[in-house]
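Input: a single structure, listed below in structure tokens.
The values are calculated or read from the model by the stated rules, or taken from the named source; none is laboratory data. On a predicted model such as this, the values are computed, not experimentally measured, just so you know. Every residue, glycine among them, receives a Cβ derived from its backbone with ideal geometry; neighbour counts consider all protein chains shown. Side chains are part of the model used for accessible areas, which takes the heavy atoms of the whole protein and leaves out ligands, DNA and RNA. Shrake-Rupley method; radii C 1.70, N 1.55, O 1.52, S 1.80 Å.
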Amino acid sequence: MVNAFESIRTKLVKVITESPTIKTFVLDCGGDFEFKTGQFVEVGLPGVGEGPFTPSCSHYTKNPIEITIMKTGYMTEKIHRITEGSEVILRGPYGNGYPLEKFEGKHVLIVGGGVGLAPLRSLFLTLVHDIERYKGITVCFGARSPEDLIYKEQLKEWAKIRGVKLHLSVDKVPKGQKWSGNVGVVTTLLKPLEFDVENTVAAVCGPPIMMKFTSLSLLEKGIKPSNLYLSMESKMYCGVGLCRHCTIEHYFVCKDGPVFTYDQFENPEAIWA
């Protein structure tokens with residue numbers, strides 16, 4: 001039986017500043033690290049604590065792995081202060097990832113906002129690795145401002161990949177920042193999209209309010225609830241279903257998720273509570 005609390009010691013080999021509040025941490029695991037896209041790990045600092053985060057690299061990337069983290073509180077602020085060469089503890093992976101076998105032969109629509117782009121980056125890079133298995137990939141990403149959009153240089157390369165359509169939007173353009181793309185919440189990117197709803201699966205991740213209205217928009221366009229995948233990391237803590245921090249209805253997000261389909265919930269409003 002696998003020990004759920006077993007951990008490994010990793011070395012931080014690179015820190016990439018993505019935005020004023022978001023950084024990507026590149027960790028040398030000392031060997032191959034196995035996970036499935038959509039799963040999460042507990043990231044710990046000796047003498048400080050730990051927290052759950054989703055790897056942002058493809059699950060075909062075994063070592064080093066990348067984890068993108070937004071500074072939102074005590075633990076994440078401590079993580080943002082560490083420097084190259086620091087020791088970082090990992091345990092996991094935990095939870096259920098995306099069932100990619102159900103995506104094969106279909107068009108995949110990925111919609112993300114803010115740091116929600118991190119787990120979706122993992123999904124995107126994993127899909128692109130075997131892009132011939134899918135009918136195409138459409139990506140809609142949003143951020144509060146041009147400065148807050150993460151993976152800026154990588155997004156330019158993604159847009160060049162055959163079979164990929166990339167759409168970007170920002171909520172607003174503050175004075176002094178440059179932006180030539182769409183201005184508005186990420187759902188404004190969905191309105192003009194045309195796709196075969198019978199053969200499309202959608203994956204959504206981001207702030208709860210963004211996920212709520214994105215889900216409603218996709219359902220209105222005809223996406224089946226069983227084909228609408230939600231990544232629900234925000235409520236997790238311990239990672240193994242002991243703290244009861246992440247319960248939604250009768251589910252533990254950390255054990256039964258963090259990836260769910262919309263139709264798994266009896267009361268959709270419970271998802272966002």
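Here are a few things to note about the model shown:
- Solvent-accessible area per residue for the range 7-93 (1.4 angstrom probe, square angstrom): 43
- Cα centroid separation - the range 117-180 against the range 199-273, whole Å: 21
- Sites ASP196 and TYR60 - FRET efficiency at Förster radius 41 Å, r taken between beta-carbons, to 0.05: 0.90
- Residues of the range 46-65 with amide N under 17 Å of the 7 Å Cα→Cβ point at SER7: 46-54
- Here the range 7-93 has 49 percent of its accessible surface on carbon and sulfur atoms, given a 1.4 Å probe and all protein chains in place.
- Accessible area expressed per residue, the range 100-261, with surrounding protein chains retained (probe 1.4 Å, Å²): 47
- If both residues of a DSSP beta bridge must be in the chain, then about 55% of such bridges are antiparallel.
- Taking 0.36 nm per residue of separation and subtracting the Cα-Cα distance, full extension of the segment from VAL173 to LYS160 would add 2.2 nm.
- Loop GluC sites (Glu not before Pro), the range 156-211 (other Cβ atoms within 10 Å of the site Cβ: 10 or fewer; DSSP): GLU194
- Distance-filtered residues of the range 144-165 - backbone nitrogen under 17 Å, label point 7 angstrom along THR188 Cα→Cβ: 144-149
- Cα-based shape type of the range 7-93, given that a ≥ b ≥ c are square roots of the gyration tensor eigenvalues and the cut on a/c is 1.5: rounded
- The range 100-261 shape via C-alpha gyration tensor axes, a/c threshold 1.5: oblate
- Surface share of carbon and sulfur [accessible, 1.4 angstrom probe, percent] for the range 100-261: 53
- Under a Gaussian network description of the chain, with springs only between Cα atoms under 10 Å, the residue in ALA143, ALA202, ALA159 that fluctuates furthest is ALA159.
- In the list (1) 69, 36, 29; (2) 50, 47, 37; (3) 52, 46, 33, the label attached to Cα extents along the principal axes in Å as derived from the coordinates here is (2).
- Choice from VAL186, VAL48, VAL139 with maximal GNM fluctuation in the chain (Cα, 10 Å cutoff): VAL48
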